[in-house]
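Remarks on the structure that follows.
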Amino acid sequence: MTEDELIKGCIRDEAACQKVVFNRYASRMLGVCHRYARNNSDAEDILQDAFIKVFIKIKQFKSEGSFEGWIRKIVVNTAIKKYSLARYTREITGYEVDDNIQPATDAIAYGHLLEKDLIALIHNLPDGYRLVFNLYVIEGFQHDEIAAMLGIHAGTSRSQLVKARLMLQKQILQLQKVAV
């Protein structure tokens, strides 16, 4: 079946078409969910909630841009709603940023880092840091866009990103020290 035929089948609420769409895109979208989620269970919940929204809203897809991109946007927005501003503003990180700290530039610390290690470090970030980091670094949104999505000020988005980067750098350097 072509993508267009699948979309039309999903609009008609045909379970077979919905199953094919889910099977075609679920593994890639689960990867997106894992970047935003705190754990596997949360990632799977986000994925399931997102696909429910996809099938409810599929009539709104206008074939402008890719279908996968449209699904991805729903997945990201679902993840954002799960980790709302109210939830992460109350979070205690135990990590304060020292304005005098210079960003680490030790290439050795970064060179031995595996993708799975980096993903684990990102998972350990507080929710607010993780959301802003993913939206800015991975998804490519600007701070004004992130602020609108999360209901925060653009300056808060910038601050969260700086704190996330510094926290990641500190964790990477700690991993390097343990490996030596």
Expected single match for at pLDDT 85 or above and closer than 20 Å to N39 by Cα among A154, A164, A86 is A164
Conditions first: (1) over 17 Å from the mean Cα position of the chain (by Cα); (2) acidic (D, E); (3) closer than 24 Å to H123 by Cβ. E3 passes all but one, so which condition is the exception? (3)
Among (1) surrounded by fewer than 12 Cβ atoms within 10 Å (Cβ to Cβ); (2) modelled with pLDDT of 90 or more, which single condition is I92 missing? (2)
Could you give every pair whose Cβ atoms fall below 6 Å, whose first residue belongs to the range 139-156 and is over 19 Å from K82 (Cβ atoms), and whose second residue is of a type in the set (A, V, I, L, M, F, W, C), counting only separations of at least 6 or pairs across chains? H143/A154; D144/A154; H153/A147; A154/A147
Residues that are β-branched (V, I, T) and modelled with pLDDT under 95: does the range 19-34 have at least one? yes
Applying the selection to the range 121-180, what residues are among the basic types (K, R) and under 22 Å from I71 (Cα atoms)? R130
Between residues in the range 37-63 that are surrounded by 17 or more Cβ atoms within 10 Å (Cβ to Cβ) and residues that are of a type in the set (A, V, I, L, M) and not in a helix (DSSP H, G or I), which pairs lie under 6 Å by C-beta distance while being six or more apart or on different chains? A43/A37; I46/A37
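The values are calculated or read from the model by the stated rules, or taken from the named source; none is laboratory data. Predicted model, so just to flag it, every value in this text is computed and none were measured. Quick reminder, even Gly has a Cβ in these numbers, built from the backbone with ideal geometry, and neighbours come from all protein chains shown.
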